[in-house]
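Read the structure below first, then the notes.
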Amino acid sequence: MSGKHAKTEASVLTTSLMFAVLCGLLVFTTLIFGAVDSWALGIVLPVLSIVFILWSFGAFRSGNFEFSTNLLQLPIAALIIIGLIQLLPLGNSGAEAFADASSSLSLAPYSTRLAVLQLAAYLMFFAAALFILNNEARVRKIVYLIVIFGTLMAFFGILQRLASADDMIYGLRNSFQANPFGPFVNSHHFAAFMELTIAIPLALLFGKAIKKNRRALAAIAVVVMGMAIIFTTSRGGFLSLLAIIGFIIVANILDRKRSEAHSDEGNQAFRRNSALVGSGLALILIILGIVLYLTNDSTVDRVVTMDKGGADISNGRTHFWSIALQIFADNPVIGTGLDSYGMAFPLYDTWNGGFRLERAHNDYLQILSDAGILGFLCVAGFIFLLFRKGLETISRAEDRFLRHTAIGALAGCLGVLIHSFFDFPLRTPSNMYFFLTLAVIATTSFAAGDRKRLKIRKKIHVSS
């Protein structure tokens, strides 16, 4: 009995350490400029290796190896396989001028190799998070981390912008030809980070899923993060914020309708639904009003009126998108290689060639050009599985806090997926780690029936 107790304690300790490392990874990758530099991957991969060592040690001590069978892992694994195939010496994909000595399918073998390693890191993180966050207490802890850390980063970014000190990140890194915000080199990607962190407290607030004495704190967090989105002047960020608010309102209306299906609603339900919509509009007006009060520039005007003026390179999106479609048309099956858009772009560019472009500013079009229809099907499959499983989780959730946390997590994923139509926010690694964390929260069910099936799966998929 004592031996069994010791094994249980060892398993709990290793799982707690894994949880702490993953939480630290979320914070660390955000603080180091979103982990966009190649050297960051050299830190993240060893850290994730430590997580898997701990995982293996816990399995050895307990005699069982437990893992999640969530199907969302498959599209990521499939993208890795596509990247590996693109690195095979099977002949260059139609651009002899840029053909690599190895004659790989990818136009940019080095970039594709880095992309494969990055995808491997995402899959490792996702698999570990799915295993670790199957505990209600840990889900609550990581929710608090997301809300508190997101609020602090929003506050830091706002102060940085108001002080006109955003030309140097931390006063150390000069972001030449960039528009930084907070710790991020790209202000649009910071807006996406805010979308990922604002959604859960917003859902908890609208769903009244937290105690009254904490609602004021949640409201402050939401307003501060909403202000940060406006201060980034990201039009995609503002549209995504509207989508997040809309999704949460609709989810709350449907949730209340379902819970009161057998009661006489009448005008009372209409008033409650109207109050929800009014609260969403009031929130937007409060955020815009505070930003207007704090600044005398055209920040709000650019965001709200969708002004396309200025020298921002992203204003040429339609040109970048048309080129991505041309690349896809010439390489429809498997693309030109993961992260090879920057290499293929000059072959199709009709501008003067005065600048280098690495992204299509639309992740869906870029995955078509980089990985063809096969890669696009992986992304589409992930999104389909995410929302199907997420909506099932929300409908089956018994605990109010967990149900509205799942609503917020799915809303955050929706927001950044909408933003991806106008930019490439998930190409910033820290954003992808937060996105995957929200995907875990949105699809992890703690309903009684689901718990039982989870135990059965563990028995089936355990290897001693």
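Summary of computed values
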quantity	calculated
Matching option when the condition is at pLDDT 95 or above and within 28 Å of S104 (Cβ to Cβ), among V440, V379	V379
Qualifying positions in segment 101-140 - surrounded by fewer than 19 Cβ atoms within 10 Å (Cβ to Cβ) and either over 25 Å from P46 (Cα atoms) or free of Cβ contacts under 8 Å to residues at least 24 places away in the same chain (or both)	A101, S102, S103, Y110, N135, E136, A137, R140
Looking only at segment 199-220, and only at residues there that are in a helix (DSSP H, G or I) and of a type in the set (V, I, T), the one that is nearest to the chain's Cα centre (by Cα)	I200
Verdict on F376 being surrounded by fewer than 22 Cβ atoms within 10 Å (Cβ to Cβ) and in a helix (DSSP H, G or I)	yes
Among the candidates Y122, Y110, residue that is within 30 Å of A442 (Cβ to Cβ) and either of a type in the set (A, V, I, L, M) or at pLDDT 80 or above (or both)	Y122
Candidates G354, G316, G280 - the one that is on the phi < 0 side of the Ramachandran plot, under 26 Å from the mean Cα position of the chain (by Cα), at pLDDT below 90 and among the small types (G, A, S)	G316
Some residue of segment 223-245 being farther than 14 Å from G280 by Cα, in a helix (DSSP H, G or I) and touching a Lys or Arg at 6+ places or on another chain (Cβ under 7 Å)	yes
Evaluation of L196 against (1) among the aliphatic types (A, V, I, L, M); (2) over 20 Å from L294 (Cβ atoms); (3) at pLDDT below 95 (one fails), failing number	(3)
Residue in segment 392-409 that is more than 29 Å from G150 (Cβ to Cβ) and either modelled with pLDDT of 95 or more or assigned to a helix (DSSP H, G or I) (or both) present	no
Cβ pairs under 7 Å, 6+ apart, first in segment 390-404 and over 19 Å from R138 (Cβ atoms), second modelled with pLDDT under 95 and not in a helix (DSSP H, G or I)	R396/S445; R396/A447
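The values are calculated or read from the model by the stated rules, or taken from the named source; none is laboratory data. Being a predicted model, the structure only gives us computed values, none of them experimental. Cβ atoms come from the backbone with ideal geometry, glycine included; neighbour counts cover every protein chain shown.
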